[in-house]
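> Got a structure for you, questions after.
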Amino acid sequence: MKISVIGLGYLGVTHAVAMATLGHEVIGIEPDQNKVTSLQNGTVPFYEPGLTDALAKAIAAGNISFQQQHDDKSASANIHFITVGTPQSDANQAADTSFVFAAATELAAILKPDSLVVGKSTVPVGTAANLIQTMESISGFTPAVCWNPEFLREGTALADSLKPDRIVIGSNEKPMNQPLIDCYEEILSQGVPLLEMDLATAELVKVSANAFLATKISFINAMAEIAEASGADTVMLAEAIGLDNRIGKSFLRTGIGFGGGCLPKDIRGFIARANEMGVGSSLSFLTEVDQINLRRRQRVVDLASQELGALKGKTIAMLGISFKPDSDDLRDSPALEIALKLHSSGATVKVHDPISLEALTDKHPDLTTASSAIDTCSDADLVILGTEWRQYKELAPETLFPKTKTIIDGRNVLDVETWQAAGWKVIALGRNIQNG
């Protein structure tokens with residue numbers, strides 16, 4: 001099957017490579033010439049485990065190509081996937097769908113009546129209906145449009161594409177879905193559930209899932225606030241309630257909260273869309289979900305002040321700066337915001353991250369970087385674990401030589417007894433840890 005993938009950001013590149021891996025002929029469309037050149041040379045412009053190797057195999061097999069704009073070749077595609085970004089608007093925190101409509105407008109000018117247009121971008125409910133009208137006014141016919149939300153997790157994106165928990169397809173007419181079902185035949189043959197529904201429901205699936213996950217994270221962090229005031233231990237609490245199969249253990253680890261390019265912007269955009277539809281009160285709780293999440297970042301800064309007093313002139317080591325491990329994504333990273341808050345308070349912040357230091361230096365040259373975790377911690381007045389990279393969880397505490405052996409475990413992943421045995425004071429959010 002011939003496929004075009006329009007927009008080669010994180011989602012687009014991953015989806016394009018996944019479709020090529022399944023044996024489809026994929027044409028990636030991206031106006032940024034630097035991205036196109038990079039991908040043509042086999043270089044993925046962001047870090048994602050396994051994706052570079054998969055791209056190399058797809059290029060070698062002749063299954064994938066990249067170009068800046070549509071031509072006769074891309075116009076002949078059976079399916080056009082729209083995978084552009086929907087960033088948060090600075091004006092009102094709503095999702096900015098201008099890139100989606102720009103991509104659809106350009107596509108409509110060359111679209112053939114027998115081609116299927118598939119939206120994968122995360123959009124406010126109602127976007128697809130407006131998109132169909134926009135494209136129809138340009139193409140002169142009513143385009144076949146499906147919405148097929150993505151559920152990728154950074155760090156496991158390719159596996160999530162090839163072995164998803166479910167495939168969701170929304171459309172106005174069920175027969176319209178068949179080309180997309182055929183496209184995913186190899187995935188569906190593995191027993192992956194297929195859910196067919198209307199366009200509006202499909203648009204709601206992704207943002208609803210993200211809102212629920214964010215709520216679950218903020219719930220346990222709200223319990224951490226209660227635990228810190230009462231002397232309870234949220235890690236033990238999470239284990240106890242997580243054994244209830246109605247609740248489950250995942251997303252119940254207390255810490256500095258969620259970040260990245262999806263959960264924060266999606267819940268804010270969801271709130272904005274509900275307000276536009278006159279049902280804002282139905283999602284008012286998500287405002288508190290967002291605020292709980294942000295408070296956990298400030299809590300780390302407050303703990304640093306409690307330990308060090310005035311932060312001016314102090315050196316603080318930050319282990320990890322990306323929003324999650326196995327990613328170089330700094331968007332809305334809790335660890336990065338904490339580092340910047342500490343810096344603005346007068347501290348010297350030394351940062352180590354296995355992947356993200358180059359991007360960090362480009363964006364925030366005022367933060368000091370170090371080549372290793374050991375160098376980062378050397379002579380520090382305080383150490384903070386900000387991102388739960390495996391190498392930090394496996395660190396031998398006796399190999400680190402800070403000025404003061406105190407660490408704030410922002411992710412609750414360290415073996416407390418091991419660190420205490422090595423002479424460290426361990427502080428963790430939502431825990432009642434007794435240090436000697």
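The values are calculated or read from the model by the stated rules, or taken from the named source; none is laboratory data. Computed from a predicted model, the values in this text were never measured in an experiment. When we count neighbours, we look across all protein chains shown, and the Cβ atoms used for this are built from the backbone with ideal geometry, even at glycine. Only protein heavy atoms, including side chains, enter the accessible area calculation; ligands, DNA and RNA are left aside. Shrake-Rupley method; radii C 1.70, N 1.55, O 1.52, S 1.80 Å.
> Would you pick out the residues in the range 4-39 that are part of a helix (DSSP H, G or I), under 15 Å from ALA77 (Cα atoms) and touching a helix residue (DSSP H, G or I) at 6+ places or on another chain (Cβ under 7 Å)? Give the steps one after another, and end with the answer.
Going residue by residue through the range 4-39, those that are part of a helix (DSSP H, G or I) are 10-21, 33-39.
Narrowing further to those that are under 15 Å from ALA77 (Cα atoms): 16, 19-20.
Within the range 4-39, ALA20 is the sole residue that qualifies.
> Mind counting the residues in the range 40-61 that are outside any helix (DSSP H, G or I) and either open to solvent by 60 Å² or more (accessible area, probe 1.4 Å) or in contact with a strand residue (DSSP E or B) (Cβ under 6 Å, 6 or more places away or on another chain) (or both)?
Here the count works out to 4.
> Give the residue, chosen from LEU340, LEU336, that is part of a helix (DSSP H, G or I), open to solvent by 20 Å² or more (accessible area, probe 1.4 Å) and within 26 Å of ASN293 (Cα to Cα).
Values: LEU336 fails: open to solvent by 20 Å² or more (accessible area, probe 1.4 Å).
Exactly one of LEU340, LEU336 is part of a helix (DSSP H, G or I), open to solvent by 20 Å² or more (accessible area, probe 1.4 Å) and within 26 Å of ASN293 (Cα to Cα), namely LEU340.
> Quick check: is even one residue across the range 194-201 within 30 Å of ILE355 (Cα to Cα), open to solvent by 30 Å² or more (accessible area, probe 1.4 Å) and at pLDDT 95 or above?
Let us first name the residues in the range 194-201 that are within 30 Å of ILE355 (Cα to Cα), namely none.
No, because not a single residue in the range 194-201 is within 30 Å of ILE355 (Cα to Cα), open to solvent by 30 Å² or more (accessible area, probe 1.4 Å) and at pLDDT 95 or above.
> Working only within the range 147-184, note down all residues that are within 14 Å of the chain's Cα centre (by Cα), hydrophobic (A, V, I, L, M, F, W, C) and buried (at least 18 other Cβ atoms within 10 Å of the Cβ). Talk me through it step by step, then tell me what you get.
Taking the range 147-184 first, the residues within 14 Å of the chain's Cα centre (by Cα) are 150-158, 160.
Pick out the ones that are also hydrophobic (A, V, I, L, M, F, W, C) and you get 151-152, 157-158.
Within the range 147-184, LEU152, ALA157, LEU158 meet the criteria.
> Sticking with this one: What number goes with the only condition from (1) free of Cβ contacts under 8 Å to residues at least 12 places away in the same chain; (2) open to solvent by less than 50 Å² (accessible area, probe 1.4 Å); (3) on the phi < 0 side of the Ramachandran plot that GLY248 does not pass?
Of the numbered conditions (1) free of Cβ contacts under 8 Å to residues at least 12 places away in the same chain; (2) open to solvent by less than 50 Å² (accessible area, probe 1.4 Å); (3) on the phi < 0 side of the Ramachandran plot, the odd one out for GLY248 is (3).
> Here's another thing I want to ask about it. Condition (residue is surrounded by fewer than 19 Cβ atoms within 10 Å (Cβ to Cβ), in contact with a Phe, Trp or Tyr (Cβ under 9 Å, 6 or more places away or on another chain) and of a type outside the set (Asp, Glu)) applied to the range 270-285: is it met by at least one residue?
Yes, the conditions are met somewhere in the range 270-285.
> Can you tell me which residues in the range 64-74 are in contact with a strand residue (DSSP E or B) (Cβ under 9 Å, 6 or more places away or on another chain), more than 17 Å from ASP32 (Cα to Cα) and surrounded by fewer than 19 Cβ atoms within 10 Å (Cβ to Cβ)?
Result: LYS73, single match.
> If you take the residues in the range 99-132 that are of a type outside the set (Ser, Thr, Tyr) and over 21 Å from HIS70 (Cα atoms), which one is most open to solvent (accessible area, probe 1.4 Å)?
Of everything passing the filter in the range 99-132, ASN130 is most open to solvent (accessible area, probe 1.4 Å).
> Could I ask something else about it? Within the range 132-146, can one find any residue that is β-branched (Val, Ile, Thr), in a loop (DSSP other than H, G, I, E, B) and without any contact (Cβ under 8 Å) to a residue 24 or more places away in the chain? Lay out the reasoning, then the answer.
Here is the first cut: in the range 132-146, the ones β-branched (Val, Ile, Thr) are 132, 134, 138, 142, 145.
Still in the list and also in a loop (DSSP other than H, G, I, E, B): 142.
Keeping just the survivors that are without any contact (Cβ under 8 Å) to a residue 24 or more places away in the chain gives 142.
Yes, the conditions are met somewhere in the range 132-146.
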